[in-house]
Amino acid sequence: MTDFSDQYLMTIDGKSVGASRQLESFNPATKEAFARFPDASREQLDEAVESARKAFRIWSGAPLADRQHAVAAIGEAIAENAEDLMALLTREQGKPRAGAEWEILGSAAWCAEIAKQSLPDELVEETDDRRVITRFSPLGVVGGITPWNFPVLLAIWKIAPALVTGNCIVVKPSPFTPLCTLKLGELCQSILPPGVFNVVSGGDDLGKWMTAHPGINKIAFTGHTDTGKHVMRSAADNLKRLTLELGGNDPAIVLPDVDPEALAPELFWGAFQNNAQFCNSIKRVYIHEDVYDEVRDALIEFAKGIRIGNGADQDTDLGPIQNLPQFEKVNEYIDDCAANGYTFALGGKVDQGAKGWFIPVTLVDDPPEDSRIVAEEPFGPILPLLKWSDEEDVIQRANDTRYGLGASVWGRDQEAVQRIGSQLDAGTVWLNEIHQYSPYQAFGGHKESGIGCENSLHGLMEYTNWHTITLNKSWGKDDSK
Ligand code: NAD
């Protein structure tokens, strides 16, 4: 068991280390600074990368079964320390117990499943004369950069495949939620050889140093689309491999044959899970005009029963916004709706004097298609409801965005649901369900929602180089040659 005292240290070359400068962590439900964590220097990043490069020489050649076993052991360590990790996650991120449980136990389960995956050599050709195989060789050192909404799960989505495929990794959590990841680094010190998994913490500059670092071969990044573009530019210097998991503006399309009462909880949690700080949240709901009023009213009724508060309180359903800049950003969207005279079907009034960064569930009643609240990603609990009548038109509106992360379609007419779903330009399209993920299911974005994917064998492959080896079996056998 790891010491869950309030001391937070980085893991570099298998050891816990501090830094000469410290940053503060805030509890978003109280706005109080409750912990300090290291602000890594550039030299400390160099040390982490150097130790990962050194470890790579051994780790990349370790038997697959050993690497799989180590990843499974990380999952077991997370499960053993789940209570402490969940409490810490709620404190630093704000999410209530149910969300913390989903993320921490999900991370443990993810390790167990990714540990079963592998990429065997592909036999391309085998004749008496020639043999051609393609191997999936590890890249070297991966830099994992994560956001503040699901800090543990999104780190595991990078750590587990990187290690199974024989890479070493340096992870940098968001400065808003570094603590669980730092503890994860400590937990893994007794599981992995020094240097295989390093955790460094600090501000955004640390991320920039990583993307430009010549000793890092790949960046696995989850975050904002605009940051992803910076990452891509900077990674070009040594042609780092990239997986970019970026923003979304996921549409949900509701057909006229739904049961509004049955649909309301699905739509609500699809949109407001994790307080809507979720790349894959429903961010626009297109409701057929025949059922628009009924679905809107059922959503309002359901939302009225939701309790917002400190995630540490047992009866809280939705916690606070995770950080002050994000709180200000969501306020801006609410102000923009008010200034433009859009109608709030619910919410729209923020108590600026509240103890934490709380925002009420806010529903905007049929704003214009080109309004900011429809066209942009607010990443907070404000959701536009829109009307549609023509199928072709609603598909065009749903796809009319720079994003293409997820989408959902809801209706009893399965044929119509599938017909519409198949025309939506998004990495994941859910039909009559939402937010079903799996370690065996490729997850990634189209358009400006990302490049590449995580999870499944496709995701695993992104941590490897194709390594084609051909053998001419007859060369040298015939004396005449
Ligand atoms: P962000 O882009 O601000 O930060 C993400 C990470 O990048 C942080 O660790 C940050 O310190 C680091 N960073 C910042 N500037 C950097 C730079 N120039 N170079 C390298 N690293 C840098 O994102 P955020 O606010 O933490 O997260 C919210 C965003 O993440 C939303 O847009 C959301 O949709 C997206 N997101 C996407 C997915 C997905 O899988 N597609 C999942 C979760 C969140």
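The values are calculated or read from the model by the stated rules, or taken from the named source; none is laboratory data. Given the structure is predicted, the values throughout are model-derived calculations rather than measurements. Cβ placement follows ideal geometry from the backbone for every residue including glycine, while neighbour counts extend to all protein chains displayed. What goes into the accessible areas is simple: the full protein's heavy atoms, side chains included, and nothing from ligands, DNA or RNA. Shrake-Rupley method; radii C 1.70, N 1.55, O 1.52, S 1.80 Å.
For the stretch 236-251: of the residues being more than 16 Å from PHE278 (Cα to Cα) and of a type outside the set (Gly, Ala, Ser), which is nearest to the ligand (Cβ to nearest atom)? Steps first, answer last, please.
Taking the stretch 236-251 and keeping what is more than 16 Å from PHE278 (Cα to Cα), we get 236-243.
Next, from what is left, pick out any that are of a type outside the set (Gly, Ala, Ser): 237-243.
Numbers: ASP237: 13, ASN238: 15, LEU239: 17, LYS240: 12, ARG241: 15, LEU242: 12, THR243: 10 Å.
Within the stretch 236-251, the match that is nearest to the ligand (Cβ to nearest atom) is THR243.
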Problem - Among (1) crowded, with 19+ Cβ neighbours inside 10 Å; (2) more than 7 Å from the ligand (Cβ to nearest atom); (3) more than 21 Å from SER107 (Cβ to Cβ), the one test that SER201 misses - result: (3)
Practice task
Restricting attention to the stretch 375-407, report how many residues are within 16 Å of the ligand (Cβ to nearest atom) and either open to solvent by less than 20 Å² (accessible area, probe 1.4 Å) or small (Gly, Ala, Ser) (or both).
Solution key: 12
Exercise for the section: Just one of (1) outside any loop (DSSP other than H, G, I, E, B); (2) surrounded by fewer than 23 Cβ atoms within 10 Å (Cβ to Cβ); (3) more than 8 Å from the ligand (Cβ to nearest atom) trips up LEU267, so point out which. Expected result: (2)
Completion exercise
In the stretch 367-385, residues that are touching a residue at least 40 places away in the same chain (Cβ under 8 Å) and either under 13 Å from ILE321 (Cα atoms) or part of a loop (DSSP other than H, G, I, E, B) (or both) total 7
Fill in the blank from the handout: Scanning the stretch 206-235 residue by residue, those of a type in the set (A, V, I, L, M, F, W, C), within 7 Å of the ligand (Cβ to nearest atom) and part of a strand (DSSP E or B) turn out to be PHE221
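Take the conditions out of contact with any Pro (no Cβ under 9 Å at 6 or more places or on another chain), away from the ligand (no atom under 16 Å from the Cβ) and under 21 Å from ARG53 (Cα atoms) and apply them to VAL196. Does it pass? Explain how you work it out, then say what you get.
Working: out of contact with any Pro (no Cβ under 9 Å at 6 or more places or on another chain): yes; away from the ligand (no atom under 16 Å from the Cβ): yes; under 21 Å from ARG53 (Cα atoms): yes.
Spelling it out, VAL196 is indeed out of contact with any Pro (no Cβ under 9 Å at 6 or more places or on another chain), away from the ligand (no atom under 16 Å from the Cβ) and under 21 Å from ARG53 (Cα atoms).
Residues in the stretch 20-32: is at least one among the small types (Gly, Ala, Ser), surrounded by fewer than 18 Cβ atoms within 10 Å (Cβ to Cβ) and out of contact with any Leu (no Cβ under 6 Å at 6 or more places or on another chain)?
Taking the stretch 20-32 as the starting set, the residues that turn out to be among the small types (Gly, Ala, Ser) are 20, 25, 29.
Now drop any that are not surrounded by fewer than 18 Cβ atoms within 10 Å (Cβ to Cβ), which leaves 20.
The next check asks that each one be out of contact with any Leu (no Cβ under 6 Å at 6 or more places or on another chain); those that pass are 20.
Yes, some residue in the stretch 20-32 is among the small types (Gly, Ala, Ser), surrounded by fewer than 18 Cβ atoms within 10 Å (Cβ to Cβ) and out of contact with any Leu (no Cβ under 6 Å at 6 or more places or on another chain).
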Exercise for the section: Would you check if there is a residue in the stretch 220-229 being under 15 Å from the mean Cα position of the chain (by Cα), farther than 21 Å from ASN455 by Cα, open to solvent by 10 Å² or more (accessible area, probe 1.4 Å) and not basic (Lys, Arg)? Expected result: yes
Fill in the blank from the handout: Listed by first then second residue, the pairs whose first member lies in the stretch 278-289 and is near the ligand (Cβ under 8 Å from one of its atoms), whose partner is acidic (Asp, Glu) and open to solvent by less than 10 Å² (accessible area, probe 1.4 Å), with beta carbons under 8 Å and at least 6 positions apart or on separate chains, are CYS279/GLU245; ASN280/ASP250
Practice task
Give the residue that is nearest to ILE306 (Cα to Cα), with candidates limited to residues of the stretch 338-360 that are surrounded by fewer than 18 Cβ atoms within 10 Å (Cβ to Cβ) and touching a Phe, Trp or Tyr at 6+ places or on another chain (Cβ under 9 Å).
Solution key: ASP351
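If only one of GLY185, GLY166 is open to solvent by less than 20 Å² (accessible area, probe 1.4 Å), over 17 Å from the mean Cα position of the chain (by Cα), on the phi > 0 side of the Ramachandran plot and not charged (D, E, K, R), which one is it?
Numbers: GLY185 fails: on the phi > 0 side of the Ramachandran plot.
Answer to the check: GLY166.
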Completion exercise
Counted residues in the stretch 36-51 being open to solvent by 10 Å² or more (accessible area, probe 1.4 Å) and of a type outside the set (S, T, N, Q) come to 7
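Would you point out the residue of the stretch 432-481, among those that are of a type in the set (Lys, Arg) and touching a residue at least 12 places away in the same chain (Cβ under 8 Å), that is least open to solvent (accessible area, probe 1.4 Å)? I'd like the intermediate steps shown before the answer.
Pass one, the stretch 432-481, residues of a type in the set (Lys, Arg): 447, 473, 477, 481.
Then keep just the ones that are touching a residue at least 12 places away in the same chain (Cβ under 8 Å); that gives 447, 473.
Values: LYS447: 84, LYS473: 59 Å².
Here the residue is LYS473.
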Problem - the stretch 249-264, subset touching a Gly at 6+ places or on another chain (Cβ under 9 Å) and among the acidic types (Asp, Glu), residue surrounded by the most Cβ atoms within 10 Å (Cβ to Cβ) - result: ASP250
Exercise for the section: Specify which of the listed residues (ILE308, ILE321) is among the β-branched types (Val, Ile, Thr) and open to solvent by less than 60 Å² (accessible area, probe 1.4 Å). Expected result: ILE321
Problem - So LEU85, is it over 17 Å from the mean Cα position of the chain (by Cα), closer than 30 Å to PHE358 by Cα, touching a residue at least 40 places away in the same chain (Cβ under 8 Å) and buried (at least 24 other Cβ atoms within 10 Å of the Cβ) - result: yes
Exercise for the section: Looking at (1) closer than 30 Å to LEU244 by Cα; (2) assigned to a helix (DSSP H, G or I); (3) acidic (Asp, Glu), find the lone condition where ASP425 falls short. Expected result: (2)
Exercise for the section: Using the structure shown, decide if THR428 is within 27 Å of SER389 (Cβ to Cβ) and of a type in the set (Ser, Thr, Tyr). Expected result: yes
Practice task
Mind listing whichever residues of the stretch 173-207 are touching a strand residue (DSSP E or B) at 6+ places or on another chain (Cβ under 6 Å) and free of Cβ contacts under 8 Å to residues at least 40 places away in the same chain?
Solution key: THR181
Exercise for the section: Being out of contact with any helix residue (DSSP H, G or I) (no Cβ under 9 Å at 6 or more places or on another chain) and not in a loop (DSSP other than H, G, I, E, B) is the filter here, so list the residues in the stretch 173-205 that pass it. Expected result: LEU182, GLY185, GLU186
Exercise for the section: Taking the residues in the stretch 8-17 that are assigned to a loop (DSSP other than H, G, I, E, B) and at negative phi as candidates, determine which candidate is most open to solvent (accessible area, probe 1.4 Å). Expected result: LEU9
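Let's see how each residue does on (1) part of a strand (DSSP E or B); (2) without any contact (Cβ under 8 Å) to a residue 24 or more places away in the chain; (3) small (Gly, Ala, Ser):
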| site | (1), (2), (3) |
| --- | --- |
| ASP6 | no, no, no |
| ALA19 | no, no, yes |
| ALA29 | no, no, yes |
| ALA35 | yes, no, yes |
| ALA55 | no, no, yes |
| HIS69 | no, no, no |
